[in-house]
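To keep things clear, I will list the structure first and then write my remarks on it.
Just so it is clear, none of the values below were taken in a lab; they were calculated from the coordinates. The shown structure was predicted, so the numbers you read here are calculated from the model rather than taken from an experiment. Glycine gets a Cβ as well: all are built from the backbone with ideal geometry, and neighbour counts include every protein chain shown.
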Amino acid sequence: MENVILVDELDNTIGTMEKLAAHQTGALHRAFSILLFNSQGQLLLQKRAESKYHCGGLWSNTCCSHPLPDETTQDAAYRKLKQEMGIELRTTFAYKFIYKTSLDNHLIEYECDHVFVGVFDGVPVINPNEVADWKFMNITELHQAIAQNPGSFTPWLKLMVTHEKLLN
């Protein structure tokens, strides 16, 4: 059982909770999302494995997860990027935001999401237990794809690509 870090609206740690329980009850917890761009400015997307307990088979940002109670968010981002995408890269904190949305399987995503960015021009080595596919896409094409088929993308990706800081 993996625990997540519960936080208040100011991102202060207030406890821990089992990850699935946090998503079942809608408890606010800390998360992170990684956005890797290649040198042409295209975003590296991953298609989540069908076996994920929520949002399986949906396209999402390069990598996302939760820091463990005993690690920094930066270290967690490094760990999960290597585990999911086979990429060893220290990313840079860009911004954070809080969002709440209903997911499939009667789950609630209520997260203080720390967004990290970086540049990557290689080929990821995906972990098939986490990731079904990957591709690079420019932001304009991504906006068009989301507009045409919003159900194919994770809710948090749709929020991040409309965030003004992503385009700066």
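Are there trypsin sites (Lys or Arg not before Pro) in the range 25-116 that DSSP puts in a loop and that have at most 13 other Cβ atoms within 10 Å, and which ones?
Numbers: sites: Arg30, Lys47, Arg48, Lys52, Arg79, Lys80, Lys82, Arg90, Lys96, Lys100; in loops: Lys52, Arg90.
In loop regions of the range 25-116 (DSSP not H, G, I, E or B), the sparsely surrounded trypsin sites (Lys or Arg not before Pro) are Arg90.
Take the Cα gyration tensor of the chain, multiply each eigenvalue by 5, square-root it, and list the three semi-axes largest first, rounded to whole angstrom. Let's see the in-between values first.
On the way: eigenvalues 109, 62, 51 Å².
Those come to 23, 18, 16 Å.
Can you work out ³J(HN,Hα) from phi for every residue in the range 131-141, in order, using Karplus 6.51 cos²θ - 1.76 cosθ + 1.60 and θ = phi - 60°, giving whole Hz and x for Gly and Pro?
My calculation for the range 131-141 gives 10, 8, 6, 8, 6, 9, 8, 6, 5, 4, 5 Hz in order.
Taking the Cβ of Asn129 as the center, what net charge do the other residues with Cβ under 10 Å away carry, scoring Lys and Arg +1 and Asp and Glu -1? Mind dumping the intermediate values first?
Numbers: positive: Lys52; negative: Glu84, Glu130.
Net charge in that neighbourhood comes out at -1.
Once the principal axes of the Cα atoms of the range 93-145 are found, what is the range along each, listed largest first in whole angstroms?
Largest first, the range 93-145 extends 35, 28, 25 Å along its Cα principal axes.
For Gly56, what residues show an amide H to amide H distance below 5 Å, using hydrogens built from the backbone and excluding near sequence neighbours?
none
Check Leu103: other-chain or 5+ apart residues with amide H under 5 Å from its amide H, H built from backbone geometry?
Amide H to amide H, under 5 Å and 5 or more residues apart or across chains, Leu103 pairs with Ile108, Glu109.
Mind listing the phi-derived Karplus ³J(HN,Hα) values for the range 19-35, rounded to whole Hz, using 6.51, -1.76 and 1.60 with θ = phi - 60°, and x for any glycine or proline?
4, 5, 4, 4, 7, 6, 9, x, 6, 5, 9, 7, 9, 9, 9, 10, 10
Hand me the GluC sites (Glu not before Pro) from the range 68-138 located in a DSSP loop with no more than 10 other Cβ atoms within 10 Å, in residue order please. Each step should come with its number before you reach the end.
Details: sites: Glu71, Glu84, Glu88, Glu109, Glu111, Glu130; in loops: Glu71, Glu88, Glu130.
Passing both the DSSP loop test and the Cβ count: Glu88.
Rounded to the nearest 5, what % of the DSSP beta bridges within the range 3-167 are antiparallel ones?
Working: 28 of 38 bridges.
Bridges in the range 3-167 that DSSP calls antiparallel: roughly 75 percent.
If I model the range 19-71 as equal point scatterers sitting on the Cα atoms and use the Debye formula, what is log10 I(q)/I(0) at q = 0.13, 0.16 Å⁻¹?
The Debye formula, applied to the Cα set alone, gives -0.42, -0.61.
Under 5 Å between amide H atoms, partner at least 5 residues away or on a different chain: which partners does Val131 have, H built in plane at 1.01 Å?
Sorted by chain and number, the residues that satisfy this are Ala49.
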